[in-house]
1. From the list LYS114, LYS148, exactly one residue is under 14 Å from the mean Cα position of the chain (by Cα) and basic (Lys, Arg). Which is it?
2. Mind checking which residues of region 1-52 are in a helix (DSSP H, G or I), of a type in the set (Gly, Ala, Ser) and under 27 Å from LEU120 (Cβ atoms)?
3. Which of the residues spanning region 71-129 are closer than 22 Å to ARG47 by Cβ and touching a helix residue (DSSP H, G or I) at 6+ places or on another chain (Cβ under 7 Å)?
4. What do you reckon, is MET21 touching an Asp or Glu at 6+ places or on another chain (Cβ under 7 Å), modelled with pLDDT of 95 or more and within 30 Å of MET116 (Cβ to Cβ)?
5. Would you check which residues across region 99-121 are β-branched (Val, Ile, Thr) and either crowded, with 17+ Cβ neighbours inside 10 Å or in contact (Cβ under 8 Å) with a residue 40 or more places away in the chain (or both) and list them?
6. I need every pair where a residue in region 12-23 that is farther than 16 Å from SER55 by Cα has its Cβ under 7 Å from the Cβ of a residue that is polar (S, T, N, Q) and part of a helix (DSSP H, G or I), sequence separation at least 6 or different chains.
Amino acid sequence: MNFGSSFGISASALTANRLRMDVISSNVANAETTRASVVDGKAVPYRRKMVVLESTEGDSFSNILKSKMGSGDEGVRVKSIVEDPSPLKPVYNPTHPDADSDGYVYMPNVDIAKEMVDMLSASRSYEANVTMLNATKAMVSKALEIGK
C-alpha cells in the first residue's frame, strides 16, 4: 500500500462517518415529529434513517485485482440512506392534532439510546481515521527527513 491510497482510504471513511453523524443528528432532532409529511390528509410521522456503507472496490475481478496491486480505488462509500422498517410507536393522546379516530398518535421509531450508541460508534470511527491520517502524515514527514 502506498501513502496515497492510505490518505484516500482515510478520507473516504471520514466522509462516510461525517454523513453517519449528520443522519443520526437528524434522527435525534426528529424523535418527536409526528407530521413529517401529509399523505391523503393523514399525518405521516418521521421514520428513523440509517446509512448503508459499502466498499469502493466492488465485486468484479478486475476491481479486486487492481486493489490488490495497489492501483484500485480503495475505501468506503455510502451506498444508500434507508428508512428503518420497524413499527411506529402508538401513544394514546386523543387531544393531539395528529391522533387517529381511536385517539392514538403514531410516534417516530427513533430510540434515543440507540441513536446515542450509533453516534458514539460513528464518532470513534471518525477519531480513529483522523489518527490514522495523522500517523500517515508523520510517516511521510519522517521519510522526507531521511534525505537531509
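1. Working: LYS148 fails: under 14 Å from the mean Cα position of the chain (by Cα).
Only one candidate qualifies: LYS114.
2. Just the residues of region 1-52 that are in a helix (DSSP H, G or I), to begin with: 3-29.
Now restrict to residues that are of a type in the set (Gly, Ala, Ser): 4-6, 8, 10-13, 16, 25-26, 29.
Of everything in region 1-52, those that are in a helix (DSSP H, G or I), of a type in the set (Gly, Ala, Ser) and under 27 Å from LEU120 (Cβ atoms) turn out to be SER6, GLY8, SER10, ALA11, SER12, ALA13, ALA16, SER25, SER26, ALA29.
3. VAL78, ILE81, VAL110, ILE112, GLU115, ASP118, MET119, ALA122 - these are the residues of region 71-129 that are closer than 22 Å to ARG47 by Cβ and touching a helix residue (DSSP H, G or I) at 6+ places or on another chain (Cβ under 7 Å).
4. Here the answer is no, as MET21 does not meet what is asked.
5. Selection gives VAL105, VAL110, ILE112.
6. Pairs found: MET21/SER123.
The values are calculated or read from the model by the stated rules, or taken from the named source; none is laboratory data. Note that the structure is predicted; figures quoted are calculated from it, not measured. In this analysis, Cβ positions are derived from the backbone assuming ideal geometry, glycine residues included, and neighbour counts consider all displayed protein chains.
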